[in-house]
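Beneath this line is the structure, given in structure tokens, with notes to follow.
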Amino acid sequence: QLYRLTNTDVVALENEKADLEKIINGLTAILGSEEILRSVMKKDLRDVRNEYDTPRLTEIKEEITEIKIDTTAMIPKEDVVVLVTKDGYIKRTSFRSYSASNPEDLTMKENDYILGIYEMNTTDTILLLTNLGNYLHIPVHMIPDLKWKDMPKHASNIIEMNQGEFIITAIPAYDFKTEKNVVIATKNGMLKRSKLKEFKLQRYSKPTSCMNLKDDDQVINAFVEEKPYLFLVTDSGYGLCFAAEEVPLVGVKAAGVKGIKLKDDYLASVNNLDYQTDEYITVVTDKGTAKRVRLNEFEISTRARRGLQIIREVKTNPYKVLKTFIVDVKEHIGLKNGEIKVMKLTELPIADRYSTGSLISKHQLTDAFIIAN
């Protein structure tokens, strides 16, 4: 306002003008001289250093080493029960939920059955081997955590599978440092053995090859070698037993060697046995017959031979071997023919090699399996 200008002290205005000119001259000098600019920057940095005089907490190095984080150490350790079904469904359940539930309360797809129930830890890994010679490396902590009665999720929800690929078996890997071997068998009679520790992966976002298959061959079985001998049986009823050591140890992705000599037939089943402790081999045919045969009726032979007959040959109406099992007689067997029937192994008769077995099903069977406990 005008009256304020008239009352303003002239000396104050002159002092303000002088101060502003001093600032302008100083800023102009800084902008016009790089040397003055640097000296001002140094002064400002010294002032900051003096005001915030705290020792550096980080260490500066010329070379940076790679930082490796152990992700397993970050996983909450918990003992769980892992379930895998034949149709490829999988889940993990806390021991609390499993113990409080009735085993028969489990929800599964119709006509599906359990491949295995395993007591594991969330830091363990489970391997799912497929018919196409691949395997899924699944850390237990990545498996869906569900109640025992809940429907499990398909394995393809965790790792995408190829078209036409399905689960053959599951192998729990509690310790990859073990010296145990995995035996893999194919429909065309090929066998291979590989160290379990070679199945460990750092990246597991897709199926990984575990056997190089030729032509239209497919994997029919795989298991961890626990006993010294292998017993191979063809669908036409020939059985061959030889030492597992005859199959050389090879890499995970390598092809196998011939396990049994085929003649217009295919390998139907493979068993791991010990002649000191095992007594019978159980044989199930597609015609709904079954029997138990004493193992002492088969001599130990060598790899890649035809073997001995395990069932009588009927040319007019051939009996095809569906599955064979070498397990404790206290186990139960599952028979699949559109629906699943369960019976004790002790209910099966003991017969010689040339018998076709006793009728246990009026319908033709499509699959047989040991009931998982």
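Take the residues in region 253-262 that are at pLDDT 95 or above and not in a strand (DSSP E or B); name whichever of them is nearest to Arg193 (Cα to Cα). Please lay out each step first, then the result.
So in region 253-262, the residues at pLDDT 95 or above come out as 257-262.
In the following step, the residues that additionally are not in a strand (DSSP E or B) were identified as 259-262.
Details: Gly259: 11, Ile260: 15, Lys261: 18, Leu262: 20 Å.
Selected residue: Gly259.
What residue, of Thr65, Thr93, is in a strand (DSSP E or B), out of contact with any Asp or Glu (no Cβ under 7 Å at 6 or more places or on another chain) and β-branched (Val, Ile, Thr)? Please lay out each step first, then the result.
Numbers: Thr65 fails: in a strand (DSSP E or B).
Step by step, each of Thr65, Thr93 is checked, and only Thr93 is in a strand (DSSP E or B), out of contact with any Asp or Glu (no Cβ under 7 Å at 6 or more places or on another chain) and β-branched (Val, Ile, Thr).
Could you grab me the full set of residues in region 343-368 that are assigned to a loop (DSSP other than H, G, I, E, B), hydroxyl-bearing (Ser, Thr, Tyr) and within 19 Å of Glu297 (Cβ to Cβ)?
The first filter runs over region 343-368 and keeps only residues assigned to a loop (DSSP other than H, G, I, E, B), leaving 348-349, 351-357, 360-366.
Among the residues that remain, those that are also hydroxyl-bearing (Ser, Thr, Tyr) are: 354-356, 361, 366.
Matches in region 343-368: Tyr354, Ser355, Thr356.
Identify the residue in region 178-195 that is touching a Phe, Trp or Tyr at 6+ places or on another chain (Cβ under 8 Å) and β-branched (Val, Ile, Thr) and, among all such residues, is farthest from Asp124 (Cα to Cα). Explain how you work it out, then say what you get.
Of all residues in region 178-195, those touching a Phe, Trp or Tyr at 6+ places or on another chain (Cβ under 8 Å) come to 182-183, 187-189.
Now restrict to residues that are β-branched (Val, Ile, Thr): 182-183.
Numbers: Val182: 17, Val183: 21 Å.
Within region 178-195, the match that is farthest from Asp124 (Cα to Cα) is Val183.
Which count do you get for residues in region 51-88 that are open to solvent by 100 Å² or more (accessible area, probe 1.4 Å), without any contact (Cβ under 8 Å) to a residue 40 or more places away in the chain and not aromatic (Phe, Trp, Tyr)? Outline the logic, then answer.
Filtering region 51-88 for residues open to solvent by 100 Å² or more (accessible area, probe 1.4 Å) gives 51-57, 59-69, 74, 76-77.
Of the ones still in play, those that are also without any contact (Cβ under 8 Å) to a residue 40 or more places away in the chain are 51-57, 59-69, 74.
The next check asks that each one be not aromatic (Phe, Trp, Tyr); those that pass are 51, 53-57, 59-69, 74.
Matching residues across region 51-88 total 18.
Scan region 308-318 and tell me whether some residue there is surrounded by fewer than 16 Cβ atoms within 10 Å (Cβ to Cβ), touching a strand residue (DSSP E or B) at 6+ places or on another chain (Cβ under 9 Å) and in a loop (DSSP other than H, G, I, E, B). Write out each step before concluding.
Kept after step one, since they are surrounded by fewer than 16 Cβ atoms within 10 Å (Cβ to Cβ), are these residues of region 308-318: 308-309, 312-318.
Restricting the remaining residues to those that are touching a strand residue (DSSP E or B) at 6+ places or on another chain (Cβ under 9 Å) gives 308-309.
Checking which are in a loop (DSSP other than H, G, I, E, B) leaves us with none.
Within region 308-318, none of the residues are surrounded by fewer than 16 Cβ atoms within 10 Å (Cβ to Cβ), touching a strand residue (DSSP E or B) at 6+ places or on another chain (Cβ under 9 Å) and in a loop (DSSP other than H, G, I, E, B).
Yes/no per residue for (1) outside any loop (DSSP other than H, G, I, E, B); (2) surrounded by fewer than 17 Cβ atoms within 10 Å (Cβ to Cβ); (3) without any contact (Cβ under 8 Å) to a residue 24 or more places away in the chain:
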position: Asp264; (1), (2), (3): no, yes, no
position: Ala268; (1), (2), (3): yes, no, no
position: Asn272; (1), (2), (3): yes, no, no
position: Asp278; (1), (2), (3): no, no, no
position: Glu299; (1), (2), (3): no, yes, no
position: Arg305; (1), (2), (3): no, yes, no
position: Leu322; (1), (2), (3): yes, no, no
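Looking at Asn111, Asn102, which one is touching a Gly at 6+ places or on another chain (Cβ under 8 Å) and polar (S, T, N, Q)? Quick ask: steps written out before the conclusion?
Values: Asn102 fails: touching a Gly at 6+ places or on another chain (Cβ under 8 Å).
After applying the criteria, what remains is Asn111.
Which ones in region 176-201 are among the basic types (Lys, Arg) and buried (at least 21 other Cβ atoms within 10 Å of the Cβ)? First the steps, then the outcome.
Filtering region 176-201 for residues among the basic types (Lys, Arg) gives 177, 180, 187, 192-193, 195, 197, 200.
Matches in region 176-201: Lys192 only.
May I ask you to list the residues in region 128-147 that are touching a Lys or Arg at 6+ places or on another chain (Cβ under 7 Å) and outside any loop (DSSP other than H, G, I, E, B)?
Of all residues in region 128-147, those touching a Lys or Arg at 6+ places or on another chain (Cβ under 7 Å) come to 140, 143-146.
The answer is Val140, Asp145.
Exactly one condition in (1) over 24 Å from Gln218 (Cα atoms); (2) open to solvent by 30 Å² or more (accessible area, probe 1.4 Å); (3) modelled with pLDDT under 95 is not met by Ser97; state its number.
Ser97 satisfies every listed condition except (2).
If I ask for residues that are in contact (Cβ under 8 Å) with a residue 12 or more places away in the chain, over 22 Å from Val81 (Cβ atoms) and either surrounded by fewer than 16 Cβ atoms within 10 Å (Cβ to Cβ) or out of contact with any helix residue (DSSP H, G or I) (no Cβ under 8 Å at 6 or more places or on another chain) (or both), which ones from region 144-169 would you list?
Of everything in region 144-169, those that are in contact (Cβ under 8 Å) with a residue 12 or more places away in the chain, over 22 Å from Val81 (Cβ atoms) and either surrounded by fewer than 16 Cβ atoms within 10 Å (Cβ to Cβ) or out of contact with any helix residue (DSSP H, G or I) (no Cβ under 8 Å at 6 or more places or on another chain) (or both) turn out to be Glu160, Asn162, Gly164, Glu165, Phe166.
Kindly indicate which of Ile220, Ile281, Ile300, Ile260 is touching a Cys at 6+ places or on another chain (Cβ under 7 Å) and either closer than 23 Å to Asn181 by Cβ or among the small types (Gly, Ala, Ser) (or both).
Numbers: Ile220 fails: touching a Cys at 6+ places or on another chain (Cβ under 7 Å); Ile281 fails: touching a Cys at 6+ places or on another chain (Cβ under 7 Å); Ile260 fails: touching a Cys at 6+ places or on another chain (Cβ under 7 Å).
Testing whether each residue is touching a Cys at 6+ places or on another chain (Cβ under 7 Å) and either closer than 23 Å to Asn181 by Cβ or among the small types (Gly, Ala, Ser) (or both) leaves just Ile300.
Take the residues in region 341-373 that are among the β-branched types (Val, Ile, Thr) and closer than 24 Å to Asn317 by Cα, then tell me which one is nearest to the chain's Cα centre (by Cα). Write out each step before concluding.
So the first thing to find is which residues in region 341-373 are among the β-branched types (Val, Ile, Thr), and the list is 342, 346, 350, 356, 360, 366, 370-371.
Cutting the leftovers down to closer than 24 Å to Asn317 by Cα gives us 350, 356, 360, 366.
Numbers: Ile350: 38, Thr356: 38, Ile360: 35, Thr366: 26 Å.
Looking at residues that are among the β-branched types (Val, Ile, Thr) and closer than 24 Å to Asn317 by Cα, I get Thr366.
Residue by residue through region 170-189, note down the ones that are at pLDDT below 95, out of contact with any helix residue (DSSP H, G or I) (no Cβ under 7 Å at 6 or more places or on another chain) and more than 18 Å from Gly116 (Cβ to Cβ).
Within region 170-189, just Glu179 meets the criteria.
Kindly evaluate Ser236 against the criterion of being over 28 Å from the mean Cα position of the chain (by Cα) and either surrounded by fewer than 20 Cβ atoms within 10 Å (Cβ to Cβ) or within 14 Å of Lys323 (Cβ to Cβ) (or both). Working first, answer last.
Values: over 28 Å from the mean Cα position of the chain (by Cα): yes; either surrounded by fewer than 20 Cβ atoms within 10 Å (Cβ to Cβ) or within 14 Å of Lys323 (Cβ to Cβ) (or both): yes.
Answer is yes for this residue.
The values are calculated or read from the model by the stated rules, or taken from the named source; none is laboratory data. Source: prediction; values computed, not measured. A quick note on method: Cβ atoms are made from the backbone with ideal geometry, for glycine too, and the neighbour counts reach across all protein chains shown. The area values use the complete protein model at the heavy-atom level, side chains included, leaving out ligands, DNA and RNA. Shrake-Rupley method; radii C 1.70, N 1.55, O 1.52, S 1.80 Å.
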